[in-house]
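The values are calculated or read from the model by the stated rules, or taken from the named source; none is laboratory data. A quick note: this is a predicted structure, and the numbers were derived from the prediction, not measured. Using ideal geometry, Cβ is built from the backbone for each residue, glycine included, and neighbour counts are taken over all protein chains shown.
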Amino acid sequence: MIYLDNAATTRTAPEVVEAMLPYFTENYGNPGGIYSLGSAGRKAVNEARRILAGALGARQEEIYFTSGGTEADNWAVKAAAESRPGRGRHIVTTKIEHNAVLNACRYLEKQGFEVTYLDVDENGMVDPGRLKAALRPDTILISVMAANNEIGSIQPIGQIGAIARERNILFHTDAVQAFGQIPLDVEALKIDLLSASAHKLNGPKGVGMLYIRSGVELPAFVHGGAQERSRRAGTENVPGIVGFGAAVKRALGSMEERAERETQLRDHLIRRIESEIPCCRLNGHRSKRLPGNVSFSFSYVEGESVLIMLDMAGICASSGSACTSGSPDPSHVLLAIGLKHEEARGSLRLTLSGENTREELDTAVDSLKEIIQRLRDMSPLYQEAIRTRC
Ligand SMILES: *Cc1c(COP(=O)(O)O)cnc(C)c1O
């Protein structure tokens with residue numbers, strides 16, 4: 001099997017599983033307990049917190065563990081909105097956010113908030129000037145993702161953070177795809193709230209975090225006990241949190257060389273597809289792009305058919321976003337960069353990990369080339385188009 005869907009989720013690294021195991025079997029005590037069995041878990045949670053804070057240039061007390069990226073996004077967006085009733089009811093976000101942010105915004109619209117969904121350019125980039133122009137005196141929150149999960153475009157979040165800070169508006173960034181892939185420093189980038197998730201960087205599923213800059217008054221989202229300094233109730237997912245810490249340590253230690261290697265593999269993949277498969281278009285920015293992301297649209301094929309045939313060849317890939325698979329609607333991200341419905345439906349996303357080899361990628365392109373040719377051979381539209389141009 002060749003796994004090329006690392007933006008959907010990653011394999012939990014063996015050393016991460018190893019680090020987690022004792023917290024299921026031996027050190028299973030409740031970290032809230034006074035006894036020493038609880039203190040082992042408590043220490044491990046704090047060690048993970050220290051690693052995560054270090055990775056972001058944050059302080060330990062600014063890191064709050066959650067059940068994943070979705071919860072972190074929901075908490076950031078909804079709590080930020082609801083905590084500022086006197087200041088205004090306007091939020092600025094983009095058309096290419098993950099559904100965790102978009103649907104939280106849509107929920108807020110039903111509660112009477114106003115949301116501006118910014119357009120992006122044809123490369124999927126947010127324009128800071130356009131964002132600035134969208135701000136109003138009653139704007140309370142800006143939420144712009146650090147890097148996009150479908151097309152990999154990396155946003156100018158430092159510039160956006162500076163604009164937000166200058167206007168005293170809260171700035172949230174969904175960094176689920178960016179964390180562990182590109183350097184992120186919450187001070188330098190002037191970020192107030194940042195979401196991340198363990199399973200996108202070889203950690204376990206079901207654990208994430210929200211960074212809350214100290215001084216930002218963000219009310220609790222999950223109410224209950226006093227865990228996470230009374231801001232996020234619920235007995236800590238100790239093994240998950242330990243795994244998150246181990247995964248971040250691993251990802252950070254290898255970030256530079258991994259990025260360099262993945263970028264080379266990515267560009268090799270892009271070059272081969274562009275030169276060997278006609279009528280295709282690269283989605284997303286060519287260079288301001290996550291090291292492991294390749295996204296293409298192929299005319300005259302259905303992405304779903306390509307995926308099924310790739311699967312039969314032992315290759316796991318994705319069309320658009322995993323969260324929307326099973327739905328016939330084309331991806332909102334691909335529509336936002338200007339693709340027509342049929343172009344968006346002919347899209348394919350291949351996302352790499354540090355473990356993929358050049359041989360695997362070459363095998364994948366060979367299969368892809370053959371599959372697309374086979375599908376196009378059945379398309380009268382393609383037969384027609386090939387005589388003219390794509
Ligand atoms: C995967 C993803 C999420 C959701 O994170 P979960 O931990 O799966 O809930 C949010 N935002 C982006 C950009 C993602 O890629």
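Table for the structure above
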{"quantity": "Residues that are under 26 Å from the mean Cα position of the chain (by Cα) and farther than 22 Å from Ala226 by Cα, drawn from the stretch 14-52", "calculated": "Pro14, Glu15, Val16, Val17, Glu18, Ala19, Met20, Ile51"}
{"quantity": "Residues of the stretch 267-322 satisfying the condition of being over 28 Å from Met255 (Cβ atoms), among the β-branched types (Val, Ile, Thr) and not in a helix (DSSP H, G or I)", "calculated": "Ile277, Val301"}
{"quantity": "Meets criteria (out of contact with any Pro (no Cβ under 7 Å at 6 or more places or on another chain) and either of a type in the set (S, T, N, Q) or surrounded by fewer than 21 Cβ atoms within 10 Å (Cβ to Cβ) (or both)) for His199", "calculated": "no"}
{"quantity": "Complete set of residues in the stretch 201-217 that are assigned to a loop (DSSP other than H, G, I, E, B), away from the ligand (no atom under 16 Å from the Cβ), at pLDDT 95 or above and not basic (Lys, Arg)", "calculated": "Ser214, Gly215, Val216"}
{"quantity": "Among residues of the stretch 82-100, those that are within 29 Å of Ala8 (Cβ to Cβ) and either within 15 Å of the ligand (Cβ to nearest atom) or at pLDDT below 95 (or both), counted", "calculated": "8"}
{"quantity": "Breaking point among (1) in contact with an Asp or Glu (Cβ under 9 Å, 6 or more places away or on another chain); (2) among the small types (Gly, Ala, Ser); (3) in a loop (DSSP other than H, G, I, E, B), for Ala53", "calculated": "(3)"}
{"quantity": "Answer residue from the stretch 328-377, given it is closer than 27 Å to Thr12 by Cβ and assigned to a strand (DSSP E or B) and is farthest from the chain's Cα centre (by Cα) among those", "calculated": "Leu348"}
{"quantity": "Any hit, the stretch 6-14, residues being more than 16 Å from the ligand (Cβ to nearest atom) and without any contact (Cβ under 8 Å) to a residue 12 or more places away in the chain", "calculated": "yes"}
{"quantity": "Residue among Val222, Val301 that is in contact (Cβ under 8 Å) with a residue 12 or more places away in the chain, within 16 Å of the ligand (Cβ to nearest atom), in contact with a Lys or Arg (Cβ under 7 Å, 6 or more places away or on another chain) and not charged (D, E, K, R)", "calculated": "Val222"}
{"quantity": "Number of the condition not met by Leu252 [criteria: (1) touching a residue at least 12 places away in the same chain (Cβ under 8 Å); (2) in a loop (DSSP other than H, G, I, E, B)]", "calculated": "(2)"}
{"quantity": "When residues of the stretch 101-152 are limited to those that are β-branched (Val, Ile, Thr) and closer than 23 Å to Lys288 by Cα, the one nearest to the ligand (Cβ to nearest atom)", "calculated": "Val101"}
{"quantity": "The lone exception for Gly86 - which of (1) more than 16 Å from the chain's Cα centre (by Cα); (2) small (Gly, Ala, Ser); (3) within 30 Å of Gly245 (Cβ to Cβ) it fails", "calculated": "(3)"}
{"quantity": "Residue selected from the stretch 150-200 under the condition among the polar types (S, T, N, Q), outside any strand (DSSP E or B) and more than 24 Å from Gly240 (Cα to Cα), by the criterion farthest from the chain's Cα centre (by Cα)", "calculated": "Asn168"}
